[in-house]
1. Using the reciprocal of the averaged 1/r over all distinct C-alpha pairs, how large is the Kirkwood radius of the stretch 310-363 in Å?
2. Where does each of 64, 235, 508 land when they are ranked from fewest to most other beta-carbon atoms within 10 angstrom?
3. Residues of the stretch 186-204 with the amide nitrogen closer than 18 Å to a label point 7 Å from the Cα of residue 159, along Cα-to-Cβ, please.
4. Of the peptides 489-497, 85-93, how do they stack up when ordered by the mean number of other Cβ atoms within 10 Å, highest first?
5. Only Cα pairs under 8 Å and at least 6 apart count here; give the relative contact order of the stretch 540-617 as a rounded whole percent.
6. Compare the peptides 3-12, 25-34, 388-397 by average per-residue count of other Cβ atoms within 10 angstrom and give them in order, highest first.
7. Based on other C-beta atoms within 10 Å, arrange 116, 2, 475 from fewest to most.
8. Can you give me the three principal axis dimensions of the chain from its C-alpha atoms, in Å, biggest first?
Amino acid sequence: MCGIYGVYSYYGGLTETYLVTYRDRLFHRGPDDAGAWISQDGRIGLAQRRLSIIDLSPMGHQPMHSKDGRFVIVFNGEIYNYQHIKDDLRAQGVCFTSDSDTEVLLAAYMAWGDTCLSRLNGMFAFAIYDQGTANQPPTLFFARDRAGEKPFYYSHTAESFRFASELKALGHCGQINLQALNHYLSLGYVPGDMCLFEGVHKLPPAHCGRLNLSTGELTISRYWVLPVNQPKLNMDGTELAGVAGSLIEDSVRLRLVADVPVGVLLSGGLDSSLVVAAAARVSSAPVETFTIALPGSSLDEAHHAQKVASYFGTRHHVLPLDKPSLDLLDGLAPFIDEPIADSSILPAWLVFGLARKQVTVALGGDGGDELFGGYTHYQNALADAKRWGGIPYPFFSALARAASLLPAGVRGRNRFTSLRGGALEQNIWGGAYFDAHLRYRLLTSNAVDELGADFEAPARFLRNLFLRGVNSIDCMTRTDFGSVLPDDFLVKIDRASMAHSLEVRAPMLDHRLIEFAFGQVPSHWKIHGNETRRLQRLLAKQWLPADLDINRKQGFSIPINEWLRNEGEQGLMNRMGGLPDVINIDEVRSIVRGHIAGRANGGRLFALIMLSIAMRNLHQ
């Protein structure tokens, strides 16, 4: 795991001081080693901060060069099947000098070009410079993993092309991107290739790019897509669960490989418990597990995690938060550049800090909900569609319009406004943040006018993903896999873990398991009636303690509404000082006062606080 940075200047003149300055803004991502390289003509520079995981020797140092000097790579992530790829390349006569997966990745690109991406099982963001030949122009090739576990920001102008693992390393102080801000306020994250700041983009998951260094032409393309759902109708639930179990076991086995200590993040929920079970099945040593306790809180479910830990005989570590408050955010704040509104980043950051005291790598359960139908909003939408199937669509639209007139946080408002597009689309039109009517109030009139017809682009973005499914359940799970998973949950995991120099791996996001879940599992084995994640529950009955409540939906959560009320009106307004001038501060104060009075505005206020932090950090 690393932080990578690179720049191509069309006019040359790059210096090591320049390169090192921006590289070291990523020190937290790689405290073990650092490297920098500049081409002889001074036009291209590549740099990296290294967190040593595989091959701890200097042989894993980056930037790494090919033996002939033609290629140079910087790489952030892990290639879990690198030993298998290495064997294939050795059979073709390739010789290796290290046990580093970076060397294997570089050799794979040299052997197979960009088609090497289809062979990779891993999480990655990397860039490879090719100095070219007499017949081939010099190029910079870069790529990001299928699910979007590792980040890749870039900026392309007439003068340069720059990329980095985090926005802060680009040193960008441009204007706010109003389109991206509109999406953030609606969704709680900035999706796809957009960035909150003008002139910066994100490489989307499962995409690669190539920059022709002779012409400056940049091409971005997708190299992998979710398979169409063509279920194995000849297999029953037990057989499907067996396949899923085998894939999870092998995925965990690959992700336990490291030259440093490895543990598992255990919330006590179904996904993390299955990962612990698989780790115990494939590991000969006791598994290290980590969780957070909230004594006295209704959200404290540490006893469920303890039950799983005891059943598998893990070495279990618990971090109790006896007197928690929003002050915890002050420690995380320096690591926020592009904001996410997900308040679970706080407990994630805390448990990652706990884990880092014992291990350098930790496995998590992210991705299971999207693959196997674990979210309650899937179940609720299906139930509503069945209950109200005979009601004409205009009724829902009128009901949503009427509810939107209510103040933010009034009980039931979100529920009714979300029905604007009908029962099945309620997660598109409603959520915990700012729907269209709330954004009309929150943004200045000039900002609303500037957005124009794009004001409702966030909903169109989600609906475009929704329409790619073949049935209701497939539509909903694909929507979340292509939106909130890569642009919220995985961003949260990456930023909060890297703040502690901890590598987090997600066994549920092995591409073989993804392709099985979306391509072969019938939707009724994900959700049926009142039962969600049916396939995982079959597996849980085989692997987990019989008395474990597997009907719960639990991650690392905090009582955000309570914490925010404890801040008081002035305390909350003090945290809003960095908000951009397109935000109507009077509306912010109204939302704050409503929350203090008992309305449920915790998600919205946390979203604004994170936006304020990001803006302050940008201009430091």
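We did not get these values from a lab; they are worked out from the coordinates using the rules stated. Here the structure is a predicted model, which is why all the values come from computation and not from measurement. Here the Cβ positions follow ideal geometry from the backbone for every residue, glycine too, while neighbour counts run over all protein chains shown.
1. Details: mean 1/r = 0.0761 Å⁻¹.
This gives a value of 13.1 Å.
2. Numbers: 64 23, 235 16, 508 27.
Arranged by neighbour count, lowest to highest, 64, 235, 508 become 235, 64, 508.
3. Counting only backbone N, you get 198-201.
4. Working: 489-497: 23.6, 85-93: 13.3.
Ranking the peptides 489-497, 85-93 by packing returns 489-497, 85-93.
5. Numbers: 45 pairs, mean separation 28.0, N = 78.
Computed value for the stretch 540-617: 36 percent relative contact order.
6. Values: 3-12: 20.9, 25-34: 18.7, 388-397: 11.6.
Taking the mean over residues of other Cβ atoms within 10 Å, the ranking is 3-12, 25-34, 388-397.
7. Details: 116 18, 2 28, 475 21.
With the fewest neighbours first, 116, 2, 475 line up as 116, 475, 2.
8. Here the Cα extents, ordered largest to smallest, are 68, 58, 48 Å.
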